[in-house]
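The values are calculated or read from the model by the stated rules, or taken from the named source; none is laboratory data. Small disclaimer: the values here were computed from a predicted structure and weren't measured. Counting neighbours? That spans all protein chains shown, and the Cβs are built from the backbone with ideal geometry, glycine included. Just so you know, the surface numbers come from the protein's heavy atoms only, side chains and all, with ligands and any DNA or RNA stripped out. Shrake-Rupley method; radii C 1.70, N 1.55, O 1.52, S 1.80 Å.
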Amino acid sequence: MDLVTRYIAAVQRELPENKREEIGRELKANIMDQLDALAEEHGEISDADIAVALKRMGRPRTVAQQFVPPQPVIRLSYMPIYQYTLFLVLGLLFLLQVAETTVTWLASESMGLIRYVLTLTVGFLDEAVFGFASVTLVFWLLSRQTDGSKPCQETDWHPEQLPDAGPGWQHISMEDIFTDLATYLFLLILIWYTVWMPPEQLDNVRFFISDQSHLFLKWVSPLAMFGLAAGLWQLKQRFWTRPMLMTNIALNLALVTATLVLAASSPLLHSDVAQWQGVFSLEQLERNARIALVIIALYPAWEIGRDLFRLRRF
């Protein structure tokens, strides 16, 4: 019976100290019942038979978890609000990082597009780790409370306020919302850099589009502001409705039109391309920029078709 004693001791080591004796006695009685039944069926049993019976019961840690299930880091009742808070914090940190990196990019003489992407990625990951750790720590402390309180009472909701039943596509993911918000924020910073940038830095900025194209972007910049407002509306609603779909169709239609008009404008790029001499000519850059704008316009055009199809399904 030395194997049984060792097995019970191994299980007890995986248990809280205040429950080891009680669970150890219960486990021993259970094992002995099984061994007695085995002895009645096969006669005298050996250590090998005992080892087979214990192995059938499972590893000591698995058995201990059956008696005392491991407590999750975040209490299950807090998980919905924890996930929502985490996505919200990470989304806001991403927007702030986009704004900070874009400002640095415009004010820098040496930061290229590749370095911009790397700086944005590394900066966001650094902030995301801190944000994830902070949010998780707060909810871990809340989960360690012993009063059993929940983030909200079960009576703090009303069935009448539930949205209508609908297909899965009506749910708006936070990833899509914050991606759109970051895009519109980037465009606004890029278009209106002359407003917030100090005069001594403006002389060092080499903007790649022509003054005519820049003026056009200023005229259509209310579309980006409208996109920010629509994104905040989606963040609050989190559910596609008919008015929201119609608004998104109108916004994307205006974006497609503005992008194609910009692609057709001439000159599109700034004439000072001395840094590109020997690599690309101005004509090649103009042609590639127009192709890039047409490709960019395909995405909101696709969203128009998608939302029209969804609108018909209401």
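Nonpolar atom fraction for region 1-49, defined as the carbon and sulfur part of the 1.4 Å probe accessible area, stands at 44 percent.
Could you state the accessible area per residue of region 1-114 in Å², with a 1.4 Å probe and every protein chain left in place? Display every interim value, and only then the final one.
Working: 7550 Å² over 114 residues.
Ligands and nucleic acids excluded, the result is 66 Å² per residue.
Since only Leu93, Val4, Ala37 are under comparison, the one whose Cα sits farthest along the positive direction of the charge dipole of region 1-102, derived from C-beta charges on Lys, Arg, Asp and Glu, is Leu93.
Which order do peptides 254-263, 210-219 fall in by mean Cβ count within 10 Å, highest first?
Details: 254-263: 17.8, 210-219: 14.9.
Highest to lowest by the protection proxy: 254-263, 210-219.
Using 0.36 nm per residue and subtracting the Cα-Cα separation, the extra length available between Ser77 and Thr179 on full extension is 33.8 nm. Among residues other than Leu93 with Cβ under 15 Å from its Cβ, the summed charge is -4 (Lys and Arg +1, Asp and Glu -1).
Segment Leu113..Gln212, full-extension length gain: 33.4 nm, with 0.36 nm per residue of separation and the alpha-carbon distance subtracted. Below 8 Å between Cα atoms, with a sequence gap of 6+, how large is the relative contact order for region 17-140 in percent? Computed over region 17-140, the figure is 28 percent.
Give the carbon-plus-sulfur fraction of the accessible surface of region 54-151 in %, rounded to a whole number; probe 1.4 Å, heavy atoms of protein chains only.
Working: 4350 of 6370 Å².
Of all accessible area on region 54-151, carbon and sulfur atoms account for 68 percent.
Subtracting the Cα-Cα distance of Asp49 and Trp140 from 0.36 nm times their residue separation leaves 28.3 nm of extension gain.
Computed over neighbours whose Cβ is under 12 Å from that of Leu245, the net charge equals +3, Lys and Arg +1, Asp and Glu -1. Panel values: region 59-152, Kirkwood radius from alpha carbon pairs, Stokes-Einstein at 10 °C and 1.306 mPa s, translational diffusion coefficient 98 µm²/s. Grab the other residues whose beta carbon is less than 15 angstrom from that of Ala230, score K and R as +1, D and E as -1, and report the net. That works out to -1.
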